[in-house]
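The values are calculated or read from the model by the stated rules, or taken from the named source; none is laboratory data. Treat the numbers as computed from the prediction; the structure is a model and nothing was measured. Reconstructed Cβ throughout: ideal geometry from the backbone, glycine too, with neighbour counts over all protein chains shown.
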Amino acid sequence: TDFKSDKQPTWCPGCGDFGTMNGMMKALANTGNDPDNTFIVAGIGCSGKIGTYMHSYALHGVHGRALPVGVGVKAANPELEVMVAGGDGDGYSIGVGHFIHAVRRNMDMTYVVMDNRIYGLTKGQFSPTSREDFETTTSPEGPQQAPVNPLALALAAGGTFIAQSFSSDAQRHAEIVQKAVEHDGFGFVNVYSPCVTFNDVDTYDYFRDSLVDLGEDDEYDPTDYDQATDVILDSEKEYQGVIYQNEESVSYNESHGLTENMADIPDGAPEDAMDLVREFY
Ligand code: SF4
């Protein structure tokens with residue numbers, strides 16, 4: 001697509017991040033966006049390189065801080081399609097505070113987390129989403145603590161769009177990210193994106209065999225908060241699909257009149273927008 005840059009990814013062959021990125025590019029193209037109106041903000045980690053591999057405006061932020069930058073970009077120029085990308089280490093460890101507040105802010109943007117349940121770039125330490133008994137070189141007996149449930153955090157923070165996908169299920173993944181882009185508010189997608197080099201437990205085969213697709217369940221209604229809560233708190237199964245969507249959602253930028261590029265406002269930006277930017281920087 002137009003969104004592919006001419007840089008060759010240095011991800012390990014077979015890394016789930018290839019599929020995650022392809023789906024993001026497809027979702028952006030399918031929603032009528034182009035590189036000129038798209039801004040990617042990336043965190044730190046293997047996933048953080050994505051802004052180089054995609055052809056759009058991009059900023060490679062500091063560790064765990066991609067979300068507030070994305071919120072600031074959207075506040076300053078709501079005409080841009082803002083997509084923030086990061087990993088589970090970046091987003092759910094050092095960045096978890098920003099995650100909660102970005103969710104509750106409900107800015108009209110998309111957050112894609114490449115969740116491989118490990119720190120890949122630093123060579124295989126357990127991450128916030130690693131299993132309790134996941135053995136690594138730095139945790140020979142496993143982390144010995146329950147993993148973070150990012151979907152539950154998002155629901156508790158008042159999330160209006162919560163989804164999960166699998167990088168290898170290309171069409172479904174792109175479709176789910178597309179729905180997140182189309183949502184009026186903070187579209188959050190946790191993507192199972194296997195690390196083939198350091199994680200031999202949460203593999204392609206594991207996800208292929210265990211994923212339950214909510215899109216194939218006629219009884220499942222993502223607008224039903226109680227049903228969504230049951231799925232999110234079910235630790236026995238792995239799910240993909242749009243898990244929760246509040247169809248009444250109105251994004252922060254819409255409800256606060258942030259509709260114009262600040263650079264185009266002759267008398268200066270609305271005070272509301274400036275307050276928001278000050279809060280983040
Ligand atoms: Fe992907 Fe893991 Fe390699 Fe990083 S270390 S590029 S996450 S396979």
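Tabulated data
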item	result
Pairs, first at pLDDT 95 or above in region 67-89, second basic (Lys, Arg) and not in a strand (DSSP E or B), C-beta under 7 Å, six or more apart	Val71/Arg105; Leu80/Lys74; Val82/Lys74; Asp88/Arg117
Region 101-117 residues that are within 14 Å of Ile162 (Cα to Cα), paired with ones that are part of a loop (DSSP other than H, G, I, E, B) and charged (D, E, K, R) (beta carbon under 7 Å, 6 or more apart)	Asp108/Asp184
Options Ala42, Ala58; residue that is within 16 Å of the ligand (Cβ to nearest atom) and either surrounded by fewer than 19 Cβ atoms within 10 Å (Cβ to Cβ) or modelled with pLDDT of 95 or more (or both)	Ala42
Set Ala263, Ala228: member being modelled with pLDDT under 95, more than 18 Å from the chain's Cα centre (by Cα) and not in a loop (DSSP other than H, G, I, E, B)	Ala263
Residue ID - farthest from Val189 (Cα to Cα), chosen from residues in region 231-260 that are among the β-branched types (Val, Ile, Thr) and assigned to a helix (DSSP H, G or I)	Val231
Pair list, Cβ under 6 Å, 6 or more apart: region 46-64 residue over 17 Å from His98 (Cα atoms) and without any contact (Cβ under 8 Å) to a residue 12 or more places away in the chain, other residue within 13 Å of the ligand (Cβ to nearest atom) and in a strand (DSSP E or B)	none
Wholly within region 133-210, helices (runs of 4 or more DSSP H) carrying at least 3 residues that are among the hydroxyl-bearing types (Ser, Thr, Tyr)	204-210
Region 1-39, residues that are over 21 Å from Asn190 (Cβ atoms), among the β-branched types (Val, Ile, Thr) and within 16 Å of the ligand (Cβ to nearest atom)	Thr10
Count of residues meeting criterion [within 28 Å of Ile265 (Cα to Cα) and either touching a helix residue (DSSP H, G or I) at 6+ places or on another chain (Cβ under 7 Å) or part of a strand (DSSP E or B) (or both)] in region 81-110	12
